[in-house]
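Below is one structure, written out as structure tokens; comments come after it.
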Amino acid sequence: KFDTESLADDERISKLRPATVTDNELQQSTIGQRTLGILVLLTVPLAWGTYTPVVKYMYEKMDPSMPGFVFSAGYYIVAAVSLTVLSQLQAKNVDQEVLNAPNNLQIEEENNKITTRGGWELGSYLFIGNGLQVVGLQTVPADRAAFLVQLTTVIVPLLSAFAAGNLSAIPLQTWAACIIAFSGVVIMGADDNSGTDQQNGLLPMSQGDALILLAAVAYSMHVVRLGEYAPRTTAIKLAASKATTEAFLSIALVAALVFVGSSAQSSLPEFVNKIGHEVVDYYNAISSAVMNGSVLGSDTSIGASAAAILWTGWITCAYTIFAQSFGQSRVNPTDSNLIYTTQPLFSSLFAYVLLGELLGVYGYIGAALIGIALWLVSSSGDESL
């Protein structure tokens, strides 16, 4: 005896079920999504590459010089406001769809919890990394710091493997790409160091070096953990949450530095007091310019500062935060970080366009090695760690 009710149910389900997807079609779709992710992630180091030349250009035009933490707070605020507005606009488009389906409402609430938790965690990693890097640069040359930060190329796959509890979880081809990319970064650094004091070698390690290494660990944690959060929420919401966290922490830090700089005596380390006094002196100079009506004059170059903050906030911060969230929902953390190592290539390109700086022989060799590593990643098609 046939169960006619069950057959009817099966017929209704079959009408709602999409056409069967073959394994080949599924594989092609996965490859297409991965390719899209790689292309989007490539725009991240492209945008990052504009940061150093733009900041150098700004400091050449700006007097008084803007403290690094004030500059960071400025572009984090721009990024947070911009991404929050875009996130709200996107939310309006799906609100009606959510209301029409009670189950969707529950899913949306869960996504919001994940987004908030991910924003605080990931934003904190970026804020800590940036802070450690800024403080470390007080005593570490910029080229040496850039080399140490690029240790993320090795740290990310190690953290991913430890998280999986299996070092063999990282494919051999990916390890090879990591080593080649890291070698390329080292060689490009040798190009920058040509003709400079040889005391900037790898050893001995200083306290500033330790801070830069900790910054690299923080950045690596961000990349690895982003691989967990990105597939579970929307890119724009996660980006807005991260940027808001960075802006909040940056404002709190600047406020603390103002308090330290305004204090007659402080038992804090000397470099903290120095940074605090720099922040207070900068605000006093800007306040004086406002009172004198010369804030828009060439003496303060506030226009160059504002342009740099807006560009960095919109392009090198807001866009890259979104692009990382979007791309890493399709590309694993280790391969994503290898893509990020192409930043020196784009930095060199923009440095040539904006500042007229040229690469040497070592620079071209390092660039070629980074390109080979990127080819290995893009051609592997491996979706493991």
Name, by its number, the condition in (1) aliphatic (A, V, I, L, M); (2) over 17 Å from residue 120 (Cβ atoms); (3) out of contact with any helix residue (DSSP H, G or I) (no Cβ under 7 Å at 6 or more places or on another chain) that does not hold for residue 252.
(2)
How about region 335-385: which of its residues are buried (at least 22 other Cβ atoms within 10 Å of the Cβ), at pLDDT 70 or above and among the β-branched types (Val, Ile, Thr)?
339, 341, 342, 370
Do we have any residue at all in region 259-270 that's closer than 30 Å to residue 84 by Cα and out of contact with any Leu (no Cβ under 7 Å at 6 or more places or on another chain)?
yes
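Residue by residue, here is whether (1) modelled with pLDDT under 90; (2) open to solvent by less than 30 Å² (accessible area, probe 1.4 Å) holds:
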| position | (1), (2) |
| --- | --- |
| 243 | no, yes |
| 250 | no, yes |
| 257 | no, yes |
| 260 | yes, yes |
| 264 | yes, no |
| 271 | yes, no |
| 285 | yes, no |
| 290 | yes, no |
| 312 | yes, yes |
Please enumerate the residues belonging to region 198-227 that are in contact with a Pro (Cβ under 6 Å, 6 or more places away or on another chain) and at pLDDT below 85.
200
Taking region 30-49 as the region of interest, how many residues are open to solvent by 10 Å² or more (accessible area, probe 1.4 Å), closer than 12 Å to residue 348 by Cα and at pLDDT below 85?
1
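Among the listed residues 190, 177, 230, identify the single one that is among the aliphatic types (A, V, I, L, M), in a helix (DSSP H, G or I) and modelled with pLDDT under 75.
Details: 177 fails: modelled with pLDDT under 75; 230 fails: modelled with pLDDT under 75.
Answer to the check: 190.
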Scanning region 251-285 for residues that are free of Cβ contacts under 8 Å to residues at least 40 places away in the same chain and β-branched (Val, Ile, Thr) gives 258, 260, 272, 280
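The values are calculated or read from the model by the stated rules, or taken from the named source; none is laboratory data. Since the model is a prediction, treat every value here as computed from it, not as a measurement. Cβ: placed from backbone, ideal geometry, glycine included. Neighbour counts: every protein chain shown. What goes into the accessible areas is simple: the full protein's heavy atoms, side chains included, and nothing from ligands, DNA or RNA. Shrake-Rupley method; radii C 1.70, N 1.55, O 1.52, S 1.80 Å.
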